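To keep things clear, I will list the structure first and then write my remarks on it.
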Amino acid sequence: MLDMIRPDVADLWLASTTAELWPLLIPQFGRSEPNSFDAQAVFRRVHDTDRDGAALTARLLLSHVRWSRVTGELVRALTGSGILDDADVDRMAVELLDGDRWLVPVTAVQLELLGGTAVDDGGRPVELEPDEEVALDRTIEPPLRRWAAHRAVARGLVPVSELWGMATGELRARHRALLLTGLLEAADHIDRETADALIAHAQAWPHKTVRDTAARLAAAREAARNPTPPEPLDTLW
């Protein structure tokens with residue numbers, strides 16, 4: 001459990017270091033933005049020349065209400081920026097797959113920069129070792145499940161059967177639907193028999209996004225297996 005000190009809301013554009021930026025991303029302030037331009041710009045300004053802490057910055061941006069409507073766009077931009085390494089991105093994908101909340105790992109040193117204090121369940125302060133981690137409880141928006149499922153399949157991070165269990169498990173309906181959508185979109189990384197079975201099941205899914213994705217994939221796979229022969233030349237004149 002974390003007892004966070006809530007700093008005054010300040011202009012994100014003034015932050016140029018993690019020490020300045022991170023405390024601003026703890027309180028959930030501001031209206032939900034229609035694009036992720038400012039989040040991308042802040043991330044690059046802080047981490048283009050100093051990548052230390054970039055993984056935590058990405059997590060804080062992706063779980064902030066200010067960009068809650070554009071998390072799909074934002075996660076693709078941050079993970080494609082070249083600033084985060086593959087290990088950081090893989091770990092983030094696995095964190096986003098299961099559970100109702102995003103338990104963001106924070107070290108004792110990072111927690112101090114965030115302006116927070118680790119406390120136990122009784123609210124008493126807890127001493128941490130410098131590299132010891134605690135969890136910062138944040139929101140997971142459904143599009144992040146989609147991205148994470150695709151990444152998990154493409155990188156072989158989580159078995160397909162386990163992802164299917166998540167998609168048919170206890171997550172909220174839209175979270176399950178977008179997780180399954182991400183799984184379907186990674187069909188090229190799954191063996192043909194399993195992928196065909198997933199696509200067939202998904203075509204009867206209650207959520208329209210899943211059905212539409214499955215129908216599109218089914219049509220594309222059928223066309224690839226049975227290509228239309230070219231018309232004879234004499235019919236083209």
Are there any pairs, at least 6 apart or on different chains, whose C-beta atoms fall under 7 Å, with the first in segment 65-77 and over 14 Å from Leu178 (Cα atoms) and the second among the charged types (D, E, K, R) and buried (at least 18 other Cβ atoms within 10 Å of the Cβ), and if so, which?
Ser68/Glu141
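Go through segment 176-222 and count every residue that is assigned to a loop (DSSP other than H, G, I, E, B) and not small (Gly, Ala, Ser). So that I can check it myself, show each step before the final result.
Keep residues of segment 176-222 that are assigned to a loop (DSSP other than H, G, I, E, B), which gives 186, 190-191, 203-207.
Among the residues that remain, those that are also not small (Gly, Ala, Ser) are: 190-191, 203, 205-207.
So the count comes out to 6.
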Pairs under 8 Å by beta carbon, first residue open to solvent by less than 10 Å² (accessible area, probe 1.4 Å) in segment 39-61, partner acidic (Asp, Glu) and assigned to a loop (DSSP other than H, G, I, E, B), six or more apart or different chains?
Ala39/Glu33
Note on segment 114-156: residues assigned to a helix (DSSP H, G or I) and not basic (Lys, Arg) are Leu114, Pro142, Pro143, Leu144, Trp147, Ala148, Ala149, His150, Ala152, Val153, Ala154
When (1) in contact (Cβ under 8 Å) with a residue 24 or more places away in the chain; (2) assigned to a helix (DSSP H, G or I); (3) farther than 30 Å from Ala186 by Cα; (4) not small (Gly, Ala, Ser) are applied to Val94, the one that fails is (3)
Residues (open to solvent by 40 Å² or more (accessible area, probe 1.4 Å) and of a type outside the set (Ser, Thr, Tyr)) located in segment 111-127
Glu112, Leu113, Asp120, Asp121, Gly122, Gly123, Arg124, Pro125, Val126, Glu127
What do you reckon, is Val210 within 22 Å of Asp86 (Cα to Cα) and open to solvent by less than 40 Å² (accessible area, probe 1.4 Å)?
no
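Within segment 178-190, is there a residue that is closer than 30 Å to Leu217 by Cβ, open to solvent by 30 Å² or more (accessible area, probe 1.4 Å), of a type in the set (Asp, Glu) and out of contact with any strand residue (DSSP E or B) (no Cβ under 8 Å at 6 or more places or on another chain)? Break it down into steps so the answer makes sense when it comes.
Quick first cut of segment 178-190, residues closer than 30 Å to Leu217 by Cβ only: 178-190.
This time we only want the ones that are open to solvent by 30 Å² or more (accessible area, probe 1.4 Å), so: 185, 188-189.
Add one more test, that the residue is of a type in the set (Asp, Glu), and what stays is 185, 188.
In the following step, the residues that additionally are out of contact with any strand residue (DSSP E or B) (no Cβ under 8 Å at 6 or more places or on another chain) were identified as 185, 188.
Yes, the conditions are met somewhere in segment 178-190.
Residues checked against (1) modelled with pLDDT under 95; (2) out of contact with any Gly (no Cβ under 7 Å at 6 or more places or on another chain); (3) over 20 Å from Ala93 (Cβ atoms):
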| position | (1), (2), (3) |
| --- | --- |
| Ala177 | no, yes, no |
| Asp188 | no, yes, no |
| Ala197 | no, yes, yes |
| Gln203 | no, yes, yes |
| Thr209 | no, yes, no |
| Ala214 | no, yes, yes |
| Ala224 | yes, yes, yes |
Hey, can you tell me all the residues within segment 80-106 that are in contact with a Gly (Cβ under 9 Å, 6 or more places away or on another chain) and open to solvent by less than 10 Å² (accessible area, probe 1.4 Å)?
Val106
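Can you say whether Ala77 is part of a helix (DSSP H, G or I), modelled with pLDDT of 95 or more, over 12 Å from the mean Cα position of the chain (by Cα) and surrounded by fewer than 21 Cβ atoms within 10 Å (Cβ to Cβ), as far as the supplied structure shows? Working first, answer last.
Numbers: part of a helix (DSSP H, G or I): yes; modelled with pLDDT of 95 or more: yes; over 12 Å from the mean Cα position of the chain (by Cα): no; surrounded by fewer than 21 Cβ atoms within 10 Å (Cβ to Cβ): yes.
So Ala77 does not fit the description; no.
The values are calculated or read from the model by the stated rules, or taken from the named source; none is laboratory data. Only a predicted model underlies this, so the values are computations on that prediction, with no experimental measurement involved. Positions of Cβ are backbone-derived with ideal geometry, glycine not excepted, and every protein chain shown enters the neighbour counts. Side chains included, ligands, DNA and RNA excluded: accessible areas come from the protein's heavy atoms. Shrake-Rupley method; radii C 1.70, N 1.55, O 1.52, S 1.80 Å.
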